[in-house]
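Structure first, commentary second.
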Amino acid sequence: MLLPAFLRLFSAKPQHVRGRISPPTVGLASETGPQGGTIVAVDLVEAEVTIEGLRRAFAIRPPSRKNAPIVLVLHGNQSGMTDAPAEPLMYEWTSFARHADEWGIGVAYPLGWGGCWADGRGVTTADEAGVDDVAFLRAVIDWCAERFETQADRAVVAGISNGAFMAHRMAVEAGDRVAVFAAVAGGFPEALAGIRPGHAVSAVLINGDADPMVPLTGGFSRHRGPGGELRGRTWGLTESARHWREVDGCAGPGETVTTQGSTRTAVSRGTGGTVVMEWTVFGGGHTWPGTPVPERWAGTPGSAVSLEFDAAEEIWRFAAPLLIPADARKL
């Protein structure tokens with residue numbers, strides 16, 4: 001569920017794996033990294049894991065210290081695209097890597113199978129093929145923990161659109177690895193409602209009220225069933241936040257902050273100290289707050305973007321005090 005043109009700003013084509021992961025502004029290198037993987041840029045290492053016979057690729061901006069948190073940044077759906085650049089655009093279009101040393105984090109950029117994620121809605125190519133993306137992302141977290149000694153049970157997963165739906169799924173099915181998740185332009189997939197999470201996970205949910213692809217009130221996927229039936233329903237922002245508050249057992253009073261461009265409410269005192277925040281961006285489209293839209297896409301449906309705040313900075317500000325060990329979050 002991404003705009004046909006604008007989606008390429010937030011996605012990375014998985015077929016481009018070896019030697020072309022870094023952005024064009026970063027010089028390529030050719031040596032092998034000491035912890036495994038191939039160094040392809042000054043600050044990026046590419047690697048792959050094999051899951052159920054599929055070779056799955058990702059790039060990582062390694063942390064500068066041991067015992068650092070790892071942040072996984074998930075792109076949106078770009079199935080069927082043939083002209084996507086090879087670099088992970090979530091590297092370029094979010095500021096996680098630029099702040100990595102300052103924040104003391106490692107940042108991983110996994111590549112979806114066929115350009116998309118098996119997020120549980122049953123509508124993507126990856127879902128229909130039975131791809132196990134939960135196992136893949138767990139493996140990325142464990143790979144980083146083994147090679148860079150990152151915190152395996154306190155990962156942060158942040159995604160947009162299809163990547164946001166996948167972030168919800170990781171929180172449901174891999175809470176022993178994920179301590180915090182951020183979903184930008186992506187509500188809770190209704191198909192996951194019957195799964196009981198094993199751990200409380202803090203959540204920051206961000207949605208524009210002018211998003212035609214993932215409306216603030218929720219809706220169905222644009223990918224219809226064989227008979228034209230609606231499918232792939234996701235909940236709206238308020239319903240999604242309410243669900244996560246119930247899962248986490250948040251009992252604290254809500255704290256609301258409203259600015260000229262947005263309003264956000266955080267409810268605390270969940271299991272293990274977890275917090276759930278819902279954030280409405282006034283006039284925001286199917287975009288990543290803080291990242292300007294290129295001129296050629298300005299004015300297209302869903303391209304409105306808020307520059308009042310940087311989503312990556314606010315996600316980390318939210319997540320940093322909530323990296324709670326899995327044992328303390330067990331439900």
Query - Criterion (surrounded by fewer than 24 Cβ atoms within 10 Å (Cβ to Cβ) and touching a strand residue (DSSP E or B) at 6+ places or on another chain (Cβ under 7 Å)) met by exactly one of ARG154, ARG177, ARG196 - result: ARG154
Query raised in the report: Consider SER95 against the criteria (1) modelled with pLDDT under 95; (2) surrounded by fewer than 24 Cβ atoms within 10 Å (Cβ to Cβ): it satisfies all of them except one. Which criterion is unmet?
Result: (1)
Query raised in the report: Out of curiosity, is ALA193 of a type in the set (A, V, I, L, M) and under 15 Å from the mean Cα position of the chain (by Cα)?
Result: no
Report task. Please verify whether region 310-328 includes one or more residues that are farther than 24 Å from LEU72 by Cα, modelled with pLDDT of 95 or more and either in a loop (DSSP other than H, G, I, E, B) or of a type outside the set (Val, Ile, Thr) (or both). Result -> no
**Report entry** In region 93-118, the residues that are outside any strand (DSSP E or B) and among the β-branched types (Val, Ile, Thr)
**Finding:** THR94, ILE105
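Given the options ALA167, ALA182, name the one that is crowded, with 19+ Cβ neighbours inside 10 Å and assigned to a strand (DSSP E or B).
Among ALA167, ALA182, only ALA182 is crowded, with 19+ Cβ neighbours inside 10 Å and assigned to a strand (DSSP E or B).
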Query - Every residue from region 20-66 that is modelled with pLDDT of 50 or more and aliphatic (A, V, I, L, M) - result: VAL42, LEU44, VAL45, ALA47, VAL49, ILE51, LEU54, ALA57, ALA59, ILE60
Requested in this report: Kindly check whether there is at least one residue in region 257-269 that is touching a residue at least 60 places away in the same chain (Cβ under 8 Å) and either touching a strand residue (DSSP E or B) at 6+ places or on another chain (Cβ under 9 Å) or surrounded by fewer than 17 Cβ atoms within 10 Å (Cβ to Cβ) (or both).
Outcome: no
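Can you say whether LEU331 is surrounded by fewer than 18 Cβ atoms within 10 Å (Cβ to Cβ) and within 14 Å of ALA179 (Cβ to Cβ), as far as the supplied structure shows? Before the answer, list the steps.
Numbers: surrounded by fewer than 18 Cβ atoms within 10 Å (Cβ to Cβ): yes; within 14 Å of ALA179 (Cβ to Cβ): yes.
Yes: the conditions hold for LEU331.
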Requested in this report: Could you list, in sequence order, all residues of region 203-215 that are surrounded by fewer than 18 Cβ atoms within 10 Å (Cβ to Cβ) and in contact with a Leu (Cβ under 8 Å, 6 or more places away or on another chain)?
Outcome: ASP209
Report summary line: The one condition THR150 fails out of (1) hydroxyl-bearing (Ser, Thr, Tyr); (2) at pLDDT below 95; (3) in contact with a helix residue (DSSP H, G or I) (Cβ under 8 Å, 6 or more places away or on another chain) is (2)
Query raised in the report: Can you name the number of the only condition in (1) part of a loop (DSSP other than H, G, I, E, B); (2) free of Cβ contacts under 8 Å to residues at least 12 places away in the same chain; (3) surrounded by 15 or more Cβ atoms within 10 Å (Cβ to Cβ) that GLY285 fails?
Result: (2)
Query raised in the report: Of (1) surrounded by fewer than 16 Cβ atoms within 10 Å (Cβ to Cβ); (2) touching a helix residue (DSSP H, G or I) at 6+ places or on another chain (Cβ under 8 Å); (3) of a type in the set (D, E, K, R), GLU278 satisfies all except one. Which?
Result: (1)
Report task. Being of a type in the set (Val, Ile, Thr), assigned to a helix (DSSP H, G or I) and either over 26 Å from SER306 (Cβ atoms) or touching a residue at least 60 places away in the same chain (Cβ under 8 Å) (or both) narrows it down to one of VAL204, VAL247, so name that one. Result -> VAL247
Report summary line: Among (1) free of Cβ contacts under 8 Å to residues at least 60 places away in the same chain; (2) surrounded by 21 or more Cβ atoms within 10 Å (Cβ to Cβ), GLU295 falls short only on (2)
Requested in this report: Being of a type outside the set (A, V, I, L, M) and touching a helix residue (DSSP H, G or I) at 6+ places or on another chain (Cβ under 8 Å) is the filter; apply it to region 122-137 and report the residue that is modelled with the highest pLDDT.
Outcome: ASP133
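The values are calculated or read from the model by the stated rules, or taken from the named source; none is laboratory data. Note that the structure is predicted; figures quoted are calculated from it, not measured. Note that each Cβ is placed from the backbone with ideal geometry, even for glycine, and that neighbours are counted across all protein chains shown.
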